[in-house]
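Readers should treat all values here as calculations from the given coordinates under stated rules, not as data from a laboratory. Treat the numbers as computed from the prediction; the structure is a model and nothing was measured. Glycine also receives a Cβ, built like all others from the backbone with ideal geometry; neighbour counts cover every protein chain displayed.
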C-alpha cells in the first residue's frame, strides 16, 4: 500500500471512527470530542490533497480506491468546509433547543450525523467503483436528510421530506443506469464497475447512451441540476447553517465528480461529444433557471441556494466544454465557490440572531446595524457574484473562453450572458443587504459573530490565494492531469 | 426464471398503487420482496449469493415491521384520499410502464421478460410516489423501485457483487429509518399524513 493509499483510507476512517465515539461518549463530552476530532480529520484530508497535487501525473488507480487531482481537490475542499462547519456548530446549537430528537440526545444526534455525513462525503471522491460510489451517494441522503430537518420545525420537516423522497427516487433511476452498464461490462456484475472497466462496455452504444442518460438524470436529482432541483432551495434554506454549507460547498460538487468520472469513462463508448453535450444542457438549464431568482428579493439562505444552482450549472458547463482551460476554471470554481458559499451560510447564524425575520424575508442594511456581519455577507456575495478580484471571476472567464475554444460558441455566449445577468442580480442584492435601508434591530449580543468574523479573515486570504492560483493554473501539469482524469 | 414469477411481482407492484389501505400496501410490497428472496435463494450458486438473499430478507422484514409500527402509531380519523382515482392511477402507471419499455433498449438482463418486469416496477414505484398523497406511500414507492432494481441485479449475467447488494439493502434501511422519523414528526406537527400539507416552501 502506497502512502497516498494509506492516507486515503485514514481520511475516511478517522471521521467514521469519530462518529462511533460520538455515539458512545458521555453526553457532556460530545461537543469537545467533535471539535477535537475535526482538526486531525481536516489535516489528513489536506495532507492527501497536497500529496496528490504534487504528483499530478501519477494517479493511484485501483479497483476500489482512486486518488487523482480532481478527487484530491474535492477531498481538500470537504476537509476544510467540514472543519469549519464543526467549529461553527456550537453557535448554532446554542441558539435554540428544538430538534427532531429529545433535548438530551440533541447534540449527540447532530454531531454523529454531521460526522457520518462528513465521512461519507470524504469517501466519494476516493472510491474507484461506480457501484460503490452510488452506495456512498445514497448513504449521504440518510445522514444529511436527518440534518436538514434537524430543527424539527414545520418548514424544515417539509424540506427534509422533499429532499429524502426526490433524491432517493432520482438515485433509483441512476441505479437502473448502473445495472444496464453492469450487464455490458466484460468483467461482469455490479462489482466489476471500476472506472476503468466502464470504458470496456460492450453492450452497444445505443444502450450505453440510454444508461448514461439514466445515470446522469438520476445523479442530477442529487446534484441539484435543473429541472430536477426542486429540493435544493428548500433544503439549503431550512437546514442548520453549518449543514447548508456542507450541502452546497461539498455535497453538490462531490456528486458532480461521480457524473464527471462517468462521463470520462463512458466517452469512448457513447461518444465524446454526446457525453459532453448532456452536461452542457444540464449546465445551461441550471443557469437559466437560477438567474431570474437572483434578481428577486429572497431570504438570505434562499438567495445563496439559488446561487448554488447557478454555480453548479457553471461547473457542469466547464466539464462539458472539457478543454484544459475550462477544466482549470472548473477546479478553481469548485474551491472558490466552496469558500465563499460556506462563509455566506455561516453568516446565517449571527444574522438570524441579529434579525430573526431574516429566515423568511430578504434582509437590508445589515452593514448599518452590524458592520462586522455586513462585511462578512458582503465579501461572500461579492465573491459569489464574480466581482473582481474574486477567483470566481477568473474561473468564469476561463470556462467561457474554454467554451469558445471547444467549438461551442452559442453555449459559451449564452453562458456569458447569463453570468452577466446573474452578476447584476447579486450585485443588487449585495448593495441592498449591506448598505440598504435598515429597519430597527435589537442591539443585543449576536450569537457566533466572533467565530464568523475570524472565518471571514481566513476566507479572504483563501480567496485571494485562489485568484492568484487561477492565473497560474492554465497550462500547468495540474490542468493537464484534470484533462486526463484517471487515465 | 419463469415469466409467471416476474408477472406476479409486477401484479403485486400494480396492486400497491391502487389499494387504499396503507397496511395492505405494506403487506403487498413485503410479499414482493419475499418473492425476490425466494428467487435469490433458488438461483444461489455460492455462499455469497445466500448471504445477499439473507440481506434482502432482513431488509424486507425490517421495513415491514417499521412501516406497520408507523401505521399503528399514526392512525388518522379520516384516511388521506388520493388526488387520482384507483383506476386512473393504474391507467397512468401502465401507460408510463409501456412508454419506458418502448423507450429503453435491451438492458442486457437474462431475458427480455425480466427487463420488461423491471421497467414496469420502476414505473409503478415512481407513479406511486407521484400520485399518492399519503406520505407513507411515497416511501413505499421508493421501496418498489428498489425491489425492481433487486430483480434486475438477480438477472444480471455476472450477478451482483455481494458487497454491493448488502450495501443497497443497508442504504435502503437507513433511508427508511430516517423516513419513519420524519413521518412521525410530520404527523405530529401537521396532524395529518397528507403530503398536500407540505406546501409552505415556494418561491
Can you classify the range A:81-126 as rounded, prolate or oblate using the Cα gyration tensor, where a ≥ b ≥ c are the square roots of its eigenvalues, rounded means a/c under 1.5, and otherwise it's prolate if a/b beats b/c and oblate if not? oblate
Mind ordering A:10-21, A:121-132, A:334-345, A:145-156 by average Cβ neighbours within 10 Å, highest first? A:334-345, A:121-132, A:145-156, A:10-21
Using only Cα atoms, figure out Rg for chain B and give it as a multiple of 2.2 N^0.38 Å. 1.03
log10 I(q)/I(0) for the range A:1-131, Debye formula on C-alpha points only (no solvent), q = 0.10, 0.13, 0.18 Å⁻¹, two decimals, reads -0.34, -0.55, -0.89
Would you calculate, for chain A, the mean residue ellipticity at 222 nm contributed by helices, counting each DSSP H stretch of 4 or more residues as -39,500 (n - 2.57) and dividing by all residues, to the nearest 500? -25000 deg cm²/dmol
May I ask for the angle, rounded to the nearest 10°, between helix B:162-190 and the longest principal axis of chain B, with both axes built from Cα atoms and the value confined to 0 to 90°? 10 degrees
Mind giving me the FRET efficiency for residue B:112 and residue A:5? R0 is 41 Å, r the Cβ-Cβ distance, nearest 0.05 is fine. 0.45
Percent relative contact order of the range A:271-487, based on C-alpha pairs within less than 8 angstrom and at least six residues apart? 31 percent
Post the alpha-carbon centroid distance, the range A:283-349 to the range B:163-190, in whole angstrom. 30 Å
Would you calculate the convex hull of the Cα atoms in the range A:271-487 and tell me its volume per residue in Å³? 106 Å³
With an 8 Å cut-off on Cα pairs and a minimum separation of 6 or more residues, tell me the relative contact order of chain A in percent. 15 percent
Helix-only estimate, please: 222 nm mean residue ellipticity of chain B, summing -39500 (n - 2.57) across DSSP H runs of length 4 or more and dividing by its residues, to the nearest 500. -26000 deg cm²/dmol
Tell me, in nm to one decimal, what length is gained between residue A:410 and residue A:438 on full extension, where the rule is 0.36 nm per residue of separation less the Cα-Cα distance? 5.8 nm
Between helix A:106-123 and chain A, what is the angle of the helix's C-alpha long axis to the longest principal axis, kept within 0 to 90° and rounded to the nearest 10? 30 degrees
Using the basic label-point model (7 angstrom from Cα toward the beta carbon), what is the residue A:13 to residue B:43 distance in nanometres? 3.7 nm
Nearest-0.05 FRET efficiency for residue A:361 and residue B:85 at R0 = 41 Å, using Cβ-Cβ distance, is 0.50
When Cβ neighbours within 10 Å are restricted to other protein chains, what is their mean count per residue of peptide A:203-210? 3
Gap separating the Cα centres of the range A:15-62 and the range A:83-110, nearest whole Å: 20 Å
Which whole number gives the average count of other chain Cβ atoms within 10 Å of the Cβ atoms across peptide B:164-171? 6
Please give the average number of partner chain Cβ atoms lying within 10 Å of the Cβ of each residue in A:149-157, rounded to a whole number. 4
Hits in the range A:120-141: amide N under 18 Å from the 7 Å Cα→Cβ extension of residue A:20, namely A:120-123
On the principal axes of its Cα set, how long, how wide and how thick is the range A:54-197? Give whole Å, largest value first. 54, 38, 20
If I fit a long axis through the Cα atoms of helix A:30-54 and take the longest principal axis of the Cα atoms of chain A, what angle between them do I get, 0 to 90°, rounded to 10? 40 degrees
Compactness summary of chain A: radius of gyration and Dmax from Cα atoms, Å, are 21.1, 68
